[in-house]
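First the structure, in the form of structure tokens, and then the observations on it.
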Amino acid sequence: MLKITMFSAADKVKGQGVGSAYLELMQLLQDRFSGEFDIKINRYRRSQISHYHTINFPFFLSTFLPGRGRKIGYVHFLPETLEGSIKIPQPFRAIFYWYVLAFYRRMDHIVVVNPSFISKLEANGIDRGKITYIPNFVNHDEFHELPADKIEALRQQYHFDADQFIILGTGQIQERKGVNDFITLAQQNPDIQFVWAGGFSFGRITDGYAELKKVVDNPPANLKFTGIVDRHELANYYNMANLFLLPSYNELFPMSVLEAFSCGTPVLLRNLDLYRSIIDGYYEAADDVADMQAKISLLKDNPAGLKFLHDKSLIASQRYSEDHLAKIWHRFYLHQAKED
């Protein structure tokens, strides 16, 4: 059996996409390849592959120990993608950003969740030939479309009106996620129910915490902040929503979008270059708050437009299905083992 050791603290902080991606991969490997892969977590044993999901300092030190085998780094973020997420004062920010890239350079091979990262890593001294793009995915058994009667029951359970138009956003409450724009749109549309499923995963060090906390504690009547929601419950919110809106200014490969796709929820995103390289054609794009408002106004009373986006979401979900990604990961690990 191929010995793989996973090094990860991704599931220690709830409500972040890195943790969701890690848990999805672990579940897939255990379900599909338990007879081929001997997988252990955070065990300093002799392995053919050591897969680093997070950049914790003890993990960095472990890369200098013998028996690590092929060192695989999973790149979920780059230094610039942390801007607007957490507040790190100088000079600690510069030191941390240097450390992030130093960690990646220690790897024998890199896996990126977005192909736009490849040129940026190459510019920081990492050979393009050592980088592989493998997208995120979600478990369709957990995230799938529910029938109309179950959605109606869920709306009653969660105290939402059966006929009310619901716009959902998910993820950490932070400036990078565009939560301020989400709040503005709620204020501009008092007839629409806005729901943000997520919380302050990193507490007071979250960028913009003080101002955002004031709104979370006293939101407009039509805006509900749920706090951090367990993944098994998130599918309920996607199914209840008429439209999923992620107004982020900077993203990686957002698990939330894949979750919305898998549930057949129409998707509206800020018009970012990085989306075009991975999910172009499956969502509606908007340049700014005014454009988001225009798209919301058009879609709200346009069942045909929503149905078109619903169908696009389901098509996208097939592209990022477990079956497809299982084959990719299986082939990747076997190839890397031969390289060791």
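The values are calculated or read from the model by the stated rules, or taken from the named source; none is laboratory data. The shown structure was predicted, so the numbers you read here are calculated from the model rather than taken from an experiment. Neighbour counts are summed over all protein chains in view; Cβ atoms, including those assigned to glycine, are modelled from backbone coordinates with ideal geometry.
If only residues of region 106-116 that are modelled with pLDDT of 95 or more and of a type outside the set (A, V, I, L, M) are counted, the one that is surrounded by the most Cβ atoms within 10 Å (Cβ to Cβ) is HIS109.
Being in contact with a strand residue (DSSP E or B) (Cβ under 6 Å, 6 or more places away or on another chain), within 20 Å of GLU152 (Cα to Cα) and part of a loop (DSSP other than H, G, I, E, B) is the filter here, so list the residues in region 163-180 that pass it. Result: GLN164, single match. Scanning region 284-297 for residues that are out of contact with any strand residue (DSSP E or B) (no Cβ under 9 Å at 6 or more places or on another chain) and free of Cβ contacts under 8 Å to residues at least 12 places away in the same chain, we see that the one that is farthest from THR265 (Cα to Cα) is ALA290. Exactly one residue out of PHE103, PHE165, PHE160, PHE200 is under 23 Å from the mean Cα position of the chain (by Cα) and either buried (at least 21 other Cβ atoms within 10 Å of the Cβ) or not assigned by TED's automatic domain parsing to the domain that holds SER20 (or both), and it is PHE200. In the set (1) charged (D, E, K, R); (2) assigned by TED's automatic domain parsing to the domain that holds PHE244; (3) assigned to a loop (DSSP other than H, G, I, E, B); (4) in contact (Cβ under 8 Å) with a residue 24 or more places away in the chain, the condition left unmet by ARG155 is number (3). Counting only helices (runs of 4 or more DSSP H) that fall entirely inside region 268-340 and contain at least 3 residues that are surrounded by 16 or more Cβ atoms within 10 Å (Cβ to Cβ) and either of a type in the set (Gly, Ala, Ser) or not assigned by TED's automatic domain parsing to the domain that holds ASN239 (or both), the qualifying elements are 303-319, 322-339.
Quick one: how many residues across region 141-152 are aliphatic (A, V, I, L, M) and either part of a strand (DSSP E or B) or loosely packed, with under 14 Cβ neighbours inside 10 Å (or both)? Number of matching residues: 1. Of all residues in region 288-317 being over 19 Å from SER248 (Cβ atoms) and among the hydroxyl-bearing types (Ser, Thr, Tyr), which is modelled with the lowest pLDDT? Within region 288-317, the match that is modelled with the lowest pLDDT is SER317.
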